[in-house]
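A.B. asks: Sharing a structure here in structure tokens format.
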Amino acid sequence: MSERLLFKDRVVVITGAGGGLGKVYALEYAKRGAKVVVNDLGGTLGGSGSNSRAADVVVDEIKNAGGEAVANYDSVNDNGERIIKTAIDNFGRVDILINNAGILRDVSFARMSEKEFGSVVDVHLNGGYKLCKAAWPYMLSQKFGRIINTASPAGLFGNFGQANYSAAKLGLVGLAETLAKEGYKYNIRVNSIAPLARSRMTENVLPPHILKQLGPEKIVPLILFLTHETTQVTNSIFELAAGFYGQLRWERSAGQIFNPNPETFTPEAILNKWKCIVDFKDKPFNKVQHPIQLSDYNDLITKAKKLPAQNDQGSIKVDS
Ligand code: NAI
């Protein structure tokens, strides 16, 4: 049996930890020895209002169980830097950041106002940015950091009525992927999760028999694993729900390299070779790939450059 993963003396900041998933994370980190900053604005699901009670209740529960925690009531997008300051002022460092706070303003794109779009992007994406930006210098200088950005299946695949939410959530994935690269040599590991769990966000949209399976406690183990000091996993996206844990990755089709003849670079040539372009099977001249960085293009560019003027694989006979 493997050793218990402990977080003794690690300082964890969890945004939106007054309820739902964030609360369950906070309780488990504290049980395993972490000092926890429990942030929550305490507003409604739509983002209006505020209330210090949400964060206070979680802090009290942690303290009553003998753990260490401090509350913060700032809004992630307005005063994200103050949440990190709470960690520094109370515990002297920040080791782990869970960007979890979120709101919903679901409405079809045709009826979505600029305010409805902007406010959701603001809380999720700009809030995530503010927290990362404020925590980053501390993580760089201590050469240790673990960050989780909370994305969503709606961000990865799109979902009716959630253009604002989807845009923000995929934005968080992009932010995580770049921070994973910039933080790598400083032992900062950054990943994204796309969870599905029972909370006030889902209780009115999913049927009871499904909700029953979606206990938020089933999300916690992967979060703790990914943020432990011994875990080196980074730059990755995980999907998790109801006890399922899996990884998602980008996949590039084997595609089609066109003959380097300007006359072949036409929309008609694309039409002729469309099936090859979107074919996700390995081909003799090129394999299906799972790119994780921009330089993964280099191989393709090199191959395209090497093609002779007449190449059986790439040449396109375009009817004039
Ligand atoms: P929740 O509504 O229970 O928790 C979100 C928390 O964020 C609330 O306690 C809320 O007060 C807080 N919050 C909202 N705006 C804030 C702000 N500006 N500053 C600080 N705190 C703020 O919802 P749940 O389900 O626990 O969601 C947690 C995260 O997981 C969210 O980012 C959500 O988008 C994401 N998620 C949840 C899914 C689910 O199935 N529950 C599915 C996919 C993603």
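A.B. asks: From I14, I62, which residue is over 15 Å from L131 (Cβ atoms) and in contact with a helix residue (DSSP H, G or I) (Cβ under 9 Å, 6 or more places away or on another chain)?
C.D. replies: I62
A.B. asks: Scanning the range 148-190 for residues that are more than 14 Å from the ligand (Cβ to nearest atom) and part of a strand (DSSP E or B), which turns out surrounded by the most Cβ atoms within 10 Å (Cβ to Cβ)?
C.D. replies: Here the answer is V190.
A.B. asks: Still on this model: Return the total of residues in the range 36-47 being buried (at least 24 other Cβ atoms within 10 Å of the Cβ) and in contact with a helix residue (DSSP H, G or I) (Cβ under 7 Å, 6 or more places away or on another chain).
C.D. replies: Residues meeting the conditions: 5.
A.B. asks: Please give the helices (runs of 4 or more DSSP H) falling wholly within the range 1-119 in which 3 or more residues are closer than 24 Å to L179 by Cα.
C.D. replies: Ranges flagged: 20-31, 76-91.
A.B. asks: Can you name the residue in the range 285-320 that is acidic (D, E) and part of a loop (DSSP other than H, G, I, E, B) and is also modelled with the lowest pLDDT among such residues?
C.D. replies: Applying the filter and picking the extreme gives D319.
A.B. asks: May I pose another question? Enumerate the pairs (first residue in the range 161-181 and closer than 20 Å to W250 by Cβ; second residue anywhere and in a helix (DSSP H, G or I) and small (G, A, S)) with beta-carbon separation below 7 Å, excluding pairs fewer than 6 apart on the same chain, so at least 6 apart or on different chains.
C.D. replies: Cβ pairs passing all conditions: S166/A154; S166/G155; K169/A154; K169/G155; L170/G155; L172/G128; V173/G155; L175/G128.
A.B. asks: Filter the range 246-263 down to residues that are surrounded by fewer than 18 Cβ atoms within 10 Å (Cβ to Cβ) and over 15 Å from the mean Cα position of the chain (by Cα) and give me whichever is farthest from L300 (Cα to Cα).
C.D. replies: Applying the filter and picking the extreme gives E263.
The values are calculated or read from the model by the stated rules, or taken from the named source; none is laboratory data. Fair warning: this is a prediction, and the values are worked out from it, not measured in the lab. Don't worry about glycine lacking a Cβ; one is built from the backbone with ideal geometry, like all the others, and counts go over all protein chains shown.
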